[in-house]
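Enquirer: I have a structure here, written as structure tokens, and I will follow up with some questions on it.
Read-outs throughout are calculated quantities, based only on the coordinates presented, and are distinct from any laboratory measurement. This is a predicted model, so every value here is computed, not measured. FYI the Cβ positions are ideal-geometry reconstructions off the backbone, even for glycines, and counts take in every protein chain you see.
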């Protein structure tokens with residue numbers, strides 16, 4: 001009887017062991033199948049899309065401790081946004097980025113703002129941090145002062161957005177403003193793929209809602225004052241640095257830069273001297289100027305063809321007074337229509353003027 005019970009127990013043990021082994025083999029086969037399927041998907045993607053490059057070198061981060069993109073791949077989808085804080089085109093996209101981060105960060109979206117500066121003053125950490133706070137940016141921002149990240153992406157534009165899927169492939173990118181609804185739809189598709197891959201319950205995606213402002217009709221280009229790019233200067237030698245005295249015309253041509261008075265031209269900006277003045281005829285709704293001054297100073301802004309009345313931008317008082325201090329983008333003019341106007345600015349001595357941009 002005892003031997004019989006021992007034999008029954010032994011047989012039972014063999015049966016249990018067999019079930020366990022079958023279960024493990026089934027799990028292994030299932031896991032191997034999943035890995036194989038994922039591997040197949042990755043191979044197919046590799047034929048169409050590039051892998052996201054790693055962040056090279058060491059960089060300052062804002063809103064986050066430093067991290068590597070490869071530590072995020074396989075966990076989240078990534079939106080990489082190249083921007084610089086004095087660029088009006090970049091500024092107009094930020095409300096949409098903030099909205100996406102608010103809507104989707106809990107569902108697996110990481111936004112990384114790559115701040116690649118155009119001017120020297122944009123390399124300063126405090127200036128960038130001040131801009132990040134001003135624009136209400138909560139997602140991580142990395143300073144790319146030497147264009148290392150910019151070059152690793154072979155990028156050439158501000159702003160530009162790259163979307164990276166769960167496998168680390170750049171499956172979508174968009175240059176400039178606009179395309180917000182299209183971009184958000186791709187974000188939603190990538191989040192759904194992530195959810196399926198990670199076995200997360202199907203996500204309910206919110207409706208698209210446009211948050212970013214769009215530029216008006218623009219008939220004028222970006223205009224640089226520094227000698228390295230002052231191709232629109234009409235009444236002085238282009239591409240030449242140094243102290244010079246200018247005399248402006250009474251009949252300025254459209255999209256032509258005229259200086260008046262004494263200016264010290266550097267490769268990056270023009271510094272006003274005594275009785276300095278800017279004259280520019282443009283076609284746009286809005287006029288912006290990148291400028292700075294070591295001490296707060298007042299410039300005077302007016303339109304010569306508006307009988308003394310015009311619609312001031314957010315940085316200009318009703319009487320045309322513009323206070324220039326920290327290096328940033330200043331909003332000078334806003335018009336309801338993109339008509340042709342001639343802008344005149346009396347600039348105090350010591351003011352650095354970098355660019356005009358229009359919207």
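Enquirer: Could you work out the helix-only [θ] at 222 nm for the chain, with each DSSP H run of four or more residues adding -39,500 (n - 2.57) and the total divided by the number of residues, to the nearest 500 deg cm²/dmol?
Expert: Numbers: 5 runs with 95 residues, N = 359.
So the helix-based figure for the chain works out to -9000 deg cm²/dmol.
Enquirer: Continuing with this model, one more query. Treating each Cα of the chain as an identical point scatterer and ignoring solvent, apply the Debye formula and state log10 I(q)/I(0) at q = 0.10, 0.12, 0.15 Å⁻¹.
Expert: -0.72, -0.94, -1.24
Enquirer: I need the fraction of alpha carbon pairs in the stretch 228-325 separated by more than 20 Å, rounded to a whole percent. Could the numbers behind the result be given before it?
Expert: Values: 1988 of 4753 pairs.
Here the long-distance tail beyond 20 Å is 42 percent of all Cα pairs in the stretch 228-325.
Enquirer: Pick out which of 321, 116, 40 has the largest mean-square fluctuation in a Gaussian network model of the chain, springs linking Cα atoms closer than 10 Å.
Expert: Comparing 321, 116, 40 in a Gaussian network model of the chain, the most mobile one is 40.
Enquirer: Something else: Within 10 Å, count the other beta carbons around each residue, average over each peptide in 341-350, 162-171, 192-201, and list them highest first. Write out the running numbers ahead of the final one.
Expert: Values: 341-350: 19.5, 162-171: 21.0, 192-201: 13.6.
Order by mean packing, descending: 162-171, 341-350, 192-201.
Enquirer: Could you check the spin-label model distance between residue 251 and residue 217? Points 7 Å from the Cα along Cα→Cβ, value in nm.
Expert: Between residue 251 and residue 217, the label points sit 2.6 nm apart.
Enquirer: Using only Cα atoms and rounding to the nearest 10 degrees, what angle (0 to 90) does helix 180-197 make with the longest principal axis of the chain?
Expert: With both axes taken from Cα atoms, the answer is about 20 degrees.
Enquirer: Now for a separate question. Going by alpha carbons, how many degrees (0 to 90, nearest 10) lie between the helix axis of 125-134 and the longest principal axis of the chain?
Expert: The angle comes out near 80 degrees.
Enquirer: Please tell me the relative contact order of the chain in percent, rounded to the nearest whole number, where contacts are Cα pairs under 8 Å and at least six residues apart.
Expert: 14
Enquirer: Sticking with this structure for a sec: Taking R0 as 41 Å, what FRET efficiency do you get between residue 105 and residue 317 from their Cβ-Cβ distance, rounded to the nearest 0.05?
Expert: Details: r = 39 Å, r/R0 = 0.95.
Computed FRET efficiency for residue 105 and residue 317: 0.60.
Enquirer: Rounding to the nearest 10 and keeping the result within 0 to 90°, find how far the Cα-based axis of helix 2-46 lies from the longest principal axis of the chain.
Expert: 30
Enquirer: Same structure, new question: I need the calculated FRET efficiency for the pair residue 189 and residue 130, taking r as the beta carbon distance and R₀ as 45 Å, to the nearest 0.05. Mind showing how you got there, number by number?
Expert: Values: r = 36 Å, r/R0 = 0.80.
According to the calculation, E is roughly 0.80.
Enquirer: Please build a GNM for the chain, connecting alpha carbons under 10 Å apart, and tell me which residue among 53, 206, 267 fluctuates the most.
Expert: In the Gaussian network model the winner is 206.
Enquirer: Ok, one more. Distance from a point 7 Å along Cα→Cβ of residue 156 to each backbone N in the stretch 175-207: keep the residues under 15 Å and list them by number.
Expert: Those under the cut-off are 175-176.
Enquirer: More than 23 Å apart: what percent of Cα pairs in the stretch 61-197 qualify?
Expert: Details: 2585 of 9316 pairs.
Across the stretch 61-197, Cα pairs with separations above 23 Å total 28 percent.
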